[in-house]
Amino acid sequence: DRDGCFSGSAVSLPDGRQLLMYTGVKRIPLEEGGFRDEQTQCLAVGDGLDYEKYEKNPVLDVENIPEGCSKADFRDPKMWVNEDGTYSCVVANRAADGSGQLLLYTSQDGFEWKFKSVLIENHNRFGVMWECPDVFRLDGKDVLMCSPMDMLPEGFEYHNGNGTLYLLGTIDEENG
């Protein structure tokens with residue numbers, strides 16, 4: 001993309017092609033000088049070797065971010081296929097209080113996405129921005145992993161500043 005891209009994920013489409021979702025970055029000049037990065041979610045479709053960007057990119061941009069959520073921090077989509085053949089993805093974001101959260105989006109076909117809910121909020125408990133989320137099922141549980149930025153030491157915990165957080169439970173798919 002014009003000014004780079006950040007991480008993302010891939011799923012297999014019913015026809016055998018791969019669908020990639022990634023964060024596209026565009027550097028926007030500011031009136032007062034300097035720049036800010038605009039982060040959007042984009043798609044590419046391919047066969048494992050060759051990929052083409054989706055002509056309707058971006059599929060998620062500032063228009064798809066709910067009120068009260070950061071318009072600047074919106075990255076690292078993790079996409080998966082649900083048992084019924086629909087698609088879901090979480091995108092890392094920051095809440096109004098500056099703490100990390102994951103936004104949940106759904107799609108019938110993997111190409112047209114709609115906001116469903118804030119899946120989980122950090123409330124400044126574990127660092128700030130939760131980057132590079134992953135969601136998968138293991139032994140009957142949903143596992144959510146992410147990399148919290150700037151975790152401050154608490155007693156004997158979190159002394160390296162950045163770590164990996166995992167949460168176990170069950171995602172309420174109906175309510176998000």
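Before moving on, here are some points about what is shown:
- Taking region 135-171 as the range and being at pLDDT 85 or above and in a loop (DSSP other than H, G, I, E, B) as the test, the residues that pass are 139, 140, 149, 164, 170, 171.
- The set of residues in region 1-42 that are open to solvent by 50 Å² or more (accessible area, probe 1.4 Å), farther than 13 Å from residue 76 by Cα and in a strand (DSSP E or B) comprises 12, 18, 26, 27, 29, 35, 36.
- Qualifying positions in region 43-69 - of a type in the set (Asp, Glu) and assigned to a strand (DSSP E or B): 52
- Residue within region 2-10 that is over 18 Å from residue 116 (Cβ atoms) and without any contact (Cβ under 8 Å) to a residue 24 or more places away in the chain present: yes
- Only residues that are under 19 Å from residue 132 (Cβ atoms) and open to solvent by 80 Å² or more (accessible area, probe 1.4 Å) were counted in region 53-64, giving 0.
- Close contacts from region 137-165, counting a first residue that is over 21 Å from residue 91 (Cα atoms) and a second that is of a type in the set (A, V, I, L, M, F, W, C), with Cβ to Cβ under 6 Å and a gap of 6+ residues or different chains, come to 158/151.
- Of 174, 112, 83, 121, all but one fail to be without any contact (Cβ under 8 Å) to a residue 40 or more places away in the chain, under 17 Å from the mean Cα position of the chain (by Cα) and open to solvent by 50 Å² or more (accessible area, probe 1.4 Å); the exception is 121.
- Among the residues of region 92-119, those identified as touching a Phe, Trp or Tyr at 6+ places or on another chain (Cβ under 9 Å) and either at pLDDT below 95 or of a type in the set (D, E, K, R) (or both) are 94, 99, 100, 109, 114, 116.
- Residue list for region 96-109, restricted to those being open to solvent by less than 20 Å² (accessible area, probe 1.4 Å) and not in a loop (DSSP other than H, G, I, E, B): 100, 101, 102, 103, 104, 105, 107
- Region 43-52: number of residues that are open to solvent by 70 Å² or more (accessible area, probe 1.4 Å) and in contact (Cβ under 8 Å) with a residue 24 or more places away in the chain: 2
- In the set (1) charged (D, E, K, R); (2) closer than 22 Å to residue 149 by Cα; (3) open to solvent by 40 Å² or more (accessible area, probe 1.4 Å), the condition left unmet by residue 67 is number (2).
- Output for region 30-42, where each listed residue is under 14 Å from the mean Cα position of the chain (by Cα) and either free of Cβ contacts under 8 Å to residues at least 12 places away in the same chain or more than 24 Å from residue 114 (Cβ to Cβ) (or both): none
- Yes/no for residue 78 being touching a residue at least 60 places away in the same chain (Cβ under 8 Å) and surrounded by 12 or more Cβ atoms within 10 Å (Cβ to Cβ): yes
The values are calculated or read from the model by the stated rules, or taken from the named source; none is laboratory data. This structure is a prediction, so every number in the text was calculated from the model and none was measured. Here Cβ is always computed from backbone atoms with ideal geometry, including for glycine, and neighbour counts include all displayed protein chains. All accessible areas refer to the heavy atoms of the entire protein, side chains included, with ligands and DNA or RNA removed. Shrake-Rupley method; radii C 1.70, N 1.55, O 1.52, S 1.80 Å.
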